[in-house]
Amino acid sequence: MVIRGKVWKFGDNVDTDQIIPARYLNTSDPYELAQHVMEDSEHPDFAKEHKEGDIIVAGRNFGSGSSREHAPIAIKYAGVPVVVAKSFARIFFRNAINIGLPIVEAPQAVDETQHGDEIEVDLDRGIIKNLRTGKEYEATKFPETLMAILKAGGLMEYAKEKLKANG
């Protein structure tokens, strides 16, 4: 699975309150959450200005803070197909995979990517290519089961497929 998009670059320690502020947690409508994604971050106009398919690239500890699933849901329903970061908070990592949002760790790619660059993320090969510079970087390569969960659209869809296949 290859994903291509324009980069929105964020710094370190982007927590779940920056991703989706608590004042919007009175809804579980993913499309409403998406309208406020990254509103309290260094790019407060992200939800209004990004285009579907744009990619979030961030520093260390992305998704720290509370364990709410609202954060990866808001990102996914905003049309962000993948998040690339130096590292992820563990609970965010698990929540993202469970809802079918690919997240990739690639510290060198983050360091050498600028806001506005266009990149390609090859999830199957674990390679990120910066189309501005032509450089390629190693990234997280998911085990087969995690890739199957992502390709199914999340853990629930994966489980449904497995149950259906097993009769």
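The residues MET147, MET1, MET38, when put in order of fewest to most other Cβ atoms within 10 Å, stand as MET1, MET147, MET38.
Exposure proxy shown here: for LYS135, LYS162, the number of other Cβ atoms within 10 Å sets the order, fewest to most, as LYS162, LYS135.
Each residue of the stretch 30-35 in order: what ³J(HN,Hα) in whole Hz does its phi give by Karplus 6.51 cos²θ - 1.76 cosθ + 1.60, θ = phi - 60°, with x for Gly and Pro? Along the stretch 30-35, the couplings run x, 6, 5, 4, 4, 5 Hz. Net charge near ALA165, counting Lys/Arg +1 and Asp/Glu -1 over other residues with Cβ under 15 Å of its Cβ? Counting the neighbours of ALA165, the net charge comes to +2.
Full extension of the chain between LYS162 and ALA22 gives 46.9 nm of extra length, using 0.36 nm per residue less the Cα-Cα distance. Evaluated at q = 0.16 Å⁻¹, a Debye calculation over the C-alpha positions of the chain (equal weights, vacuum) places log10 I(q)/I(0) at -0.87.
Straight-distance candidates among the aspartates and glutamates for linking to LYS51, with alpha-carbon spacing under 19 Å and chain neighbours fewer than 8 residues away dropped: GLU32, GLU39, ASP40, GLU42, ASP117, GLU118, GLU120.
Taking 37 °C and 0.692 mPa s as the conditions, I'd like the Stokes-Einstein D for the stretch 1-50 in µm²/s, using the Kirkwood hydrodynamic radius from alpha carbon pairs.
Working: Rh = 11.9 Å.
The calculation lands on 277 µm²/s.
Kirkwood radius for the stretch 75-167, taken over all pairs of different Cα atoms as the inverse mean of 1/r, rounds to 14.1 Å.
Would you compute, from DSSP H runs of 4+ residues alone, the mean residue ellipticity of the chain at 222 nm, taking -39500 (n - 2.57) per run and dividing by the full residue count, rounded to the nearest 500? Intermediate results must be reported in sequence, preceding the final value.
Values: 8 runs with 56 residues, N = 167.
Mean residue ellipticity at 222 nm (helix-derived): -8500 deg cm²/dmol.
Within the stretch 58-94, what residues put their amide N at less than 19 Å from the label point 7 Å along the Cα-to-Cβ vector of LYS135? Within reach of a label on LYS135: 58-60, 84-87. Amide H to amide H, with H built 1.01 Å from N, ARG132 comes under 5 Å of GLU118, counting only residues 5 or more places away or on other chains.
By its C-alpha gyration tensor, with a ≥ b ≥ c as the square roots of the eigenvalues, how is the stretch 33-82 shaped: rounded for a/c under 1.5, else prolate for a/b larger than b/c, else oblate?
Working: a/c = 1.42, a/b = 1.31, b/c = 1.08.
Verdict is rounded for the stretch 33-82.
Can you sort ILE103, ILE128 so the residue with the fewest Cβ neighbours within 10 Å comes first?
Values: ILE103 23, ILE128 28.
Going from sparsest to densest Cβ surroundings: ILE103, ILE128.
For the residue pairs LYS9/LYS162; LYS135/LYS160; LYS6/LYS151; LYS48/LYS129, the C-alpha atoms sit more than 31 angstrom apart in LYS9/LYS162; LYS135/LYS160.
Applied to the stretch 126-135, the Karplus parametrisation 6.51 cos²θ - 1.76 cosθ + 1.60 on θ = phi - 60° returns per-residue 3J(HN,Hα) values of x, 10, 10, 10, 8, 6, 6, 9, x, 7 Hz, with x for Gly and Pro.
Every read-out reported here was derived from the displayed coordinates using simple, explicitly stated rules and does not represent laboratory data. The model shown is predicted, which means the values in this text are computed figures rather than measured ones. FYI the Cβ positions are ideal-geometry reconstructions off the backbone, even for glycines, and counts take in every protein chain you see.
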